[in-house]
Amino acid sequence: MDYRRLGNAGVKVSELSFGAWVTFGEQIGEEDALRLMQTAFDAGVNFFDNAQSYAAGKAESIMGAVLKRTGWTREAYLVSTKFYWGLKESVNQENTLNRKFLMKGIDGSLKRLQLDYVDLIFCHRADWDTPIEETVWAMHDIIESGKALYWGTSEWSAYEIACAIYIAEKNHLHKPVTEQSHYNLFTRQKVEGEYARLFRDRHYGNVIWSPLASGLLSGKYNNGIPADSRAAQPGYEWLQQSGITPARVDKVKQLVPVANELGSTLAQLAIAWCLKNQNISSVILGASKVEQLQENLGALNVQEKLTPDVLKHIDDIMGNKPQ
Ligand code: NDP
């Protein structure tokens, strides 16, 4: 496992990390989460991603219980959480980045995670109703209080990120250090296009999510929807409707011979492809089973096989390389 700097920040994250979305508290409980996190940690993963809204707080509670049981030293790992959707408690506590929500939100997350501090807090989406200045001050104050060490954005526009950096610099506040973006073989435009200048000029970090497009790029949906898969979970019908389209499945099928040629699985190929982007600090993996995670960690060995010729071949198949 290699470790990459989180953008311009001094802290280093493992190039593969592990997250809790959909799985923790929905598909799996504490025992499976423990096995997954221990597998990740043993392979060198030092960064675990979570969010207040995942399974309505249950994902944080499970991760907190697991961390307590592992006995890992707190210095050895980083934990992140994210705020925006809230726990639907009242009008000022949902779909917002207002100060009242953020200052209370961090306390709830720390309690569920059983931690004194988290390493990273993300603004899970941009909030058009709250001035960016108010959010920047709140994130700064949380960091000053010692409850978090760094902060970042998730799915903000380049303009909104630039505004936040500018406001922080003008007022000598803690700046956001990283984005958390959707990035995979199907979704490239924002990371490779819109953010290019942020990476070049500001060395903004990026830890990316859904590297397998919710499992689609593992090839598991090539012949239908397996009953135990994410797309078959109640509440995830949208994935079948908008994510697993015949056109996308056809692209995945075209990638099969490329993976075979490299002696790789489809999932490893797709994850290794994300790792080739040097503007990415970490690729956040998701897995509902230990065998999936073990397979995906094998992507580390596939990276070097993605030569310029292979990458060009993949670009030709996908046909979506941003100009
Ligand atoms: P992926 O796109 O990699 O999807 C992971 C899912 O795909 C697994 O839970 C599993 O689902 C299936 N899968 C994974 N590996 C394999 C395999 N080798 N073979 C077959 N199936 C496999 O990542 P996620 O969408 O889970 O995102 C990763 C993390 O990113 C999240 O946990 C979260 O921390 C973060 N995230 C952040 C977001 C944001 O807005 N900032 C949004 C979404 C995620 P199953 O077995 O159920 O089919």
- Could you please let me know if SER53 is open to solvent by 30 Å² or more (accessible area, probe 1.4 Å), touching a helix residue (DSSP H, G or I) at 6+ places or on another chain (Cβ under 9 Å) and more than 13 Å from LEU113 (Cβ to Cβ)? yes
* To do: State whether the residues of the range 29-48 include one that is of a type outside the set (Asp, Glu) and closer than 25 Å to ALA126 by Cα.
  => yes
Any residue at all in the range 256-271 that's closer than 13 Å to LEU16 by Cα and among the β-branched types (Val, Ile, Thr)?
yes
query: Does ALA231 count as under 25 Å from VAL283 (Cβ atoms) and within 16 Å of the ligand (Cβ to nearest atom)?
result: yes
Restricting the range 124-159 to residues that are under 14 Å from THR96 (Cβ atoms) and in contact with a helix residue (DSSP H, G or I) (Cβ under 6 Å, 6 or more places away or on another chain), the one surrounded by the most Cβ atoms within 10 Å (Cβ to Cβ) turns out to be ALA138
GLN294 vs (1) within 13 Å of the ligand (Cβ to nearest atom); (2) touching a strand residue (DSSP E or B) at 6+ places or on another chain (Cβ under 7 Å); (3) polar (S, T, N, Q): all pass except (2)
Expected output for the range 108-135 (first residue in contact (Cβ under 8 Å) with a residue 60 or more places away in the chain and part of a loop (DSSP other than H, G, I, E, B), partner of a type in the set (Phe, Trp, Tyr) and buried (at least 17 other Cβ atoms within 10 Å of the Cβ), Cβ below 8 Å, 6+ apart or cross-chain) is HIS124/PHE83; HIS124/TYR84; HIS124/TRP85
Of the candidates ILE208, ILE284, ILE271, the one satisfying the condition of being near the ligand (Cβ under 10 Å from one of its atoms), touching a Pro at 6+ places or on another chain (Cβ under 6 Å) and within 28 Å of SER80 (Cα to Cα) is ILE271
Among (1) more than 20 Å from ARG125 (Cα to Cα); (2) open to solvent by less than 30 Å² (accessible area, probe 1.4 Å); (3) in a helix (DSSP H, G or I), LEU212 falls short only on (3)
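The values are calculated or read from the model by the stated rules, or taken from the named source; none is laboratory data. Because the structure is a prediction, the values reported are computed rather than measured. Note that each Cβ is placed from the backbone with ideal geometry, even for glycine, and that neighbours are counted across all protein chains shown. To get the accessible areas, we keep the full protein, side chains included, count just its heavy atoms, and leave off ligands, DNA and RNA. Shrake-Rupley method; radii C 1.70, N 1.55, O 1.52, S 1.80 Å.
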